[in-house]
Amino acid sequence: MPLRSPMPDLVIPNISFSDYMFSNLARKGNKVTMIDSSNNDNQYTSQEVRENSRKCGSAFYRMGLRKGDVVATCLTNCAEYTFLVLGVNACGGILTTSNLNYTKNELSFQFKQSEPKFVFCNSENYVKVQEVCAEINSVKEIFNMEEQPNRKTFSQFLAKGNSKDFPLGVSVDPDNVALILYSSGTTGLPKGVMLTHRNLIAHLTICEASFFWSRLDIVYLVLPLFHLYGITICFLVLMKGSKIVTKQRFDSKQMLQDILKYRISRLIATPPIILAINQLSQEHGFKVLSLQEIDCSAAPLPESVALSVSEKLNVKIKQVWGLTEAAPGSRHMDLNTPVLSIGNVTPNTILKIIDTDNGRELGPNEDGEICYKGPQVMKGYYKNPEATAKTIDSEGWLHTGDIGHYDDNEFIYIVDRLKELIKYKGFQVAPAELEDVLLRHPKITDVGVIGVPDPKAGELPKAYVVKKDRDLTEKDIHDFMKEKVAKYKYLRGGITFIEAIPKSESGKILRRILKESEKKRILSKY
């Protein structure tokens, strides 16, 4: 039998995401709810977040944004992210987010598919965005977040709006798409995950019941807001009336200073962040009395690290699990959940484990692919029905690509990944994408990419390469990749030249054999 949550199902309001958030913000009044620590500690009350978001909605509507139109962001973390999300959604538009570190090729791929009408970026990547948008016919205007001469800026955009002229007459169906977030999914090249207004409200409603935060909590967020987890946490705090401190980039020493300065009680982290905290505590020793809980996501956290940090800092460590396609998938109970478990099933969600060979449903303590249903499951992949059908089956089950099991107490454990994605410091790296790029090199005949374990980053991309030209060097390949992909996709795991890439009869790369070869190479050193 499929697993259900030990909690009763929750009511998911049947309204638009912007209406849902505006009504919540209106009840919170003038309490400071957001601090932009990377921007002069700018503070915003719930009322100011609401008013600025409505101004954004008014500005977009005046500029011609209508239902189904897309707005793109390529931004560092900032308070304005929330204004843009709600402003776009209030007009019935769709927001798509992108990584600030994307190369022109990667950004062009996303923009050509999503066809944004307006784009918001930072000064540091303005020229890159401008060059990409010059080839995208849909783009009408680009706005720079910082004040810059001869550029249209966010402040000029916001000045176009007036909360009194907010598009009150716009009716948004909760099943309309609100966000398109690009993810590599279970396999292959990046795909646009379509999340509806209902999906987003379900995310927040379920998270509110799963994260045991109070209105007095102060949450520190350095995870990027172009990721679903970052967006969800930010809006969850706004909805609960707690306080969130956002940071543009992670710096371990700066983060510790911020925890002390703002009296942070909840830290949203990934394994590399927690590893950095662990190392600093070993080297220098410190106490942060305000910190009560660290929520870890993106990749499994080693048990030894979790126990070490928990003991040294006297904090609770919770492992959180979900996908861009459907988050959250589990909830972490306070005291009863084992350290390595991701918790129980979330409310409104049904989960099952299936045999990867025949699809048979498995029982307790049997490893298989985790599948689940719920109101948080995406609508599908944008303009990609084939990929959607491979991920969501005819009965509505989302196939996660994660291998795991549940124990006799229905606690869930992730043990491996069926999917081929490499997780580098929480970022998803698709081997197929790197292979596609490498095969464009004129001196490469064939290639296979795998992830190799790394104690700090989780995994590092490594390439096995078949030369076409004997003069090809590792440096040649590294230099080639630097021009083609974002930094987190660099081949930090190394390059090995081999005679042939192992493949199945159907032509699929046998990454298992490459990984076994890597293990033997590592063991031979000892």
Practice prompt. Could you grab me the full set of residues in segment 321-351 that are modelled with pLDDT of 85 or more and among the hydrophobic types (A, V, I, L, M, F, W, C)?
Written response: Trp321, Leu323, Ala326, Ile342, Val345, Ile350, Leu351
Discussion item. Restricting to segment 157-173, give me the number of residues that are surrounded by 14 or more Cβ atoms within 10 Å (Cβ to Cβ) and not in a loop (DSSP other than H, G, I, E, B).
Written reply: 4
Discussion item. Residue under question is Thr388, and the condition is that it be at pLDDT 90 or above, hydroxyl-bearing (Ser, Thr, Tyr) and assigned to a helix (DSSP H, G or I); does it hold?
Written reply: yes
Practice prompt. For residues that are of a type in the set (Lys, Arg) and assigned to a loop (DSSP other than H, G, I, E, B), tally how many sit in segment 1-25.
Written response: 0
Practice prompt. Scan segment 403-425 for residues that are at pLDDT 80 or above and in contact with a helix residue (DSSP H, G or I) (Cβ under 7 Å, 6 or more places away or on another chain) and jot them down.
Written response: Ile422, Tyr424, Lys425
Practice prompt. Could you tell me whether any residue of segment 360-381 is under 30 Å from Tyr102 (Cα atoms) and part of a strand (DSSP E or B)?
Written response: yes
Worksheet item: Do the conditions hold for Lys243, that is, is it farther than 30 Å from Ala72 by Cβ and basic (Lys, Arg)?
Response: no
Worksheet item: If you go through segment 210-256 one residue at a time, how many are of a type in the set (Lys, Arg) and within 20 Å of the chain's Cα centre (by Cα)?
Response: 2
Item to complete: Could you check how many residues of segment 119-169 are of a type in the set (A, V, I, L, M, F, W, C) and either more than 30 Å from Ile201 (Cβ to Cβ) or not assigned by TED's automatic domain parsing to the domain that holds Leu100 (or both)?
Response: 8
Worksheet item: Do any helices (runs of 4 or more DSSP H) lying entirely in segment 422-526 carry at least 2 residues that are touching a residue at least 40 places away in the same chain (Cβ under 8 Å) and under 30 Å from Leu323 (Cβ atoms), and which ones are they?
Response: 431-438, 511-523
Worksheet entry | Only one of Arg54, Arg62 that is crowded, with 23+ Cβ neighbours inside 10 Å, of a type outside the set (A, V, I, L, M, F, W, C) and within 21 Å of Gly161 (Cα to Cα) | Arg54
Item to complete: Please give the number of the condition Ile136 fails out of (1) closer than 28 Å to Val172 by Cα; (2) out of contact with any helix residue (DSSP H, G or I) (no Cβ under 6 Å at 6 or more places or on another chain); (3) not polar (S, T, N, Q).
Response: (2)
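The values are calculated or read from the model by the stated rules, or taken from the named source; none is laboratory data. Not measured: the values here are computed from a predicted model. Cβ sites come from the backbone with ideal geometry, for glycine too, and all protein chains shown count toward neighbours.
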